[in-house]
1. What number do you get for the chain when its Cα radius of gyration is normalised by 2.2 N^0.38 Å, N = residues?
2. Taking a probe of 1.4 angstrom, what is the accessible area of R58 in Å², to the nearest 10?
3. Below 8 Å between Cα atoms, with a sequence gap of 6+, how large is the relative contact order for the chain in percent?
4. Under a 10 Å cutoff between Cα atoms, tell me which one of V102, V40, V68 has the largest fluctuation in the Gaussian network model of the chain.
5. Rounded if a/c is under 1.5, else prolate if a/b beats b/c, else oblate: with a ≥ b ≥ c from the C-alpha gyration tensor eigenvalues square-rooted, which is the range 117-185?
6. Taking a virtual spin label 7 Å from the Cα of E46 along the C-beta vector, which residues in the range 3-30 bring their backbone nitrogen under 17 Å of it?
7. Taking the Cα centre of each part, how many Å lie between the range 23-80 and the range 92-141?
8. For a Förster distance of 45 Å, can you work out the FRET efficiency between the beta-carbons of A53 and R111, rounded to the nearest 0.05?
Amino acid sequence: MTTFTRVLTEKRRLIWPLAIVLIANIAVFALVVYPLSQKVAMGQQEADAANLALLNARRDHENARATVAGKSQADTELKKFYEEVLPPDLSGARRITYLPIVQLAEEANLRSVRLSTDITPIRESSLTKLTQTAVLTGQYGDIRRFIYELETRPEFIAIENLQLAQSETEGTRGITVTLQIATYFRTGVDGN
């Protein structure tokens with residue numbers, strides 16, 4: 001008999017209960033502990049996914065809140081622009097375009113050859129564009145001073161087109177400038 005078989009036969013009373021306890025441990029592990037550990041692992045994965053979803057939802061909420069605040073601020077700024085910067089109506093638009101051309105041209109020693117006005121409604125908008133076209137003659141330095149004074153005025157006007165040409169009138173050489181300036185005004189409820 002070998003040592004192993006001899007130990008089994010002599011210590012049979014101890015080995016059988018140990019074998020039964022070992023089989024019971026394996027059965028409890030296989031039927032209870034392992035499935036529970038899998039559930040815990042799945043629960044941890046779900047908790048991690050829920051935390052990630054929560055972080056994404058919080059970030060989306062903050063983005064939405066910032067968008068609402070930005071839109072509100074943009075609406076406020078746009079309203080301020082419409083009410084304080086743009087002329088309120090056609091007469092106001094003419095006043096900030098026509099009068100500066102005449103006054104500044106006179107101050108800059110420029111001679112006005114022609115002035116014309118064009119009014120264009122902007123499609124799908126409550127704005128209308130007023131364009132003043134002026135043809136002026138004078139010396140280059142006077143034209144530069146006129147343009148500088150026109151650009152630095154506080155009113156909302158934009159120089160859209162500027163063309164310079166050499167001219168000779170009444171025996172004097174000068175420059176003819178064709179200048180288009182524009183502004184916008186609201187039509188409808190607040191304007192004409």
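The values are calculated or read from the model by the stated rules, or taken from the named source; none is laboratory data. Quick caveat: nothing in here was measured; it's all calculated off a predicted structure. Here Cβ is always computed from backbone atoms with ideal geometry, including for glycine, and neighbour counts include all displayed protein chains. Just the protein is used for accessible areas: all its heavy atoms, side chains included, with ligands, DNA and RNA removed. Shrake-Rupley method; radii C 1.70, N 1.55, O 1.52, S 1.80 Å.
1. On the way: Rg = 43.6 Å, N = 192, 2.2 N^0.38 = 16.2 Å.
This ratio for the chain stands at 2.69.
2. 140
3. Numbers: 210 pairs, mean separation 38.3, N = 192.
Relative CO of the chain lands at 20 percent.
4. V40
5. Here the range 117-185 falls in the prolate category.
6. Under 17 Å, as judged by backbone N against the label point of E46, lies no residue of the range 3-30.
7. Cα centroid of the range 23-80 versus Cα centroid of the range 92-141: 61 Å apart.
8. Details: r = 73 Å, r/R0 = 1.63.
Rounded to the nearest 0.05, the efficiency is 0.05.
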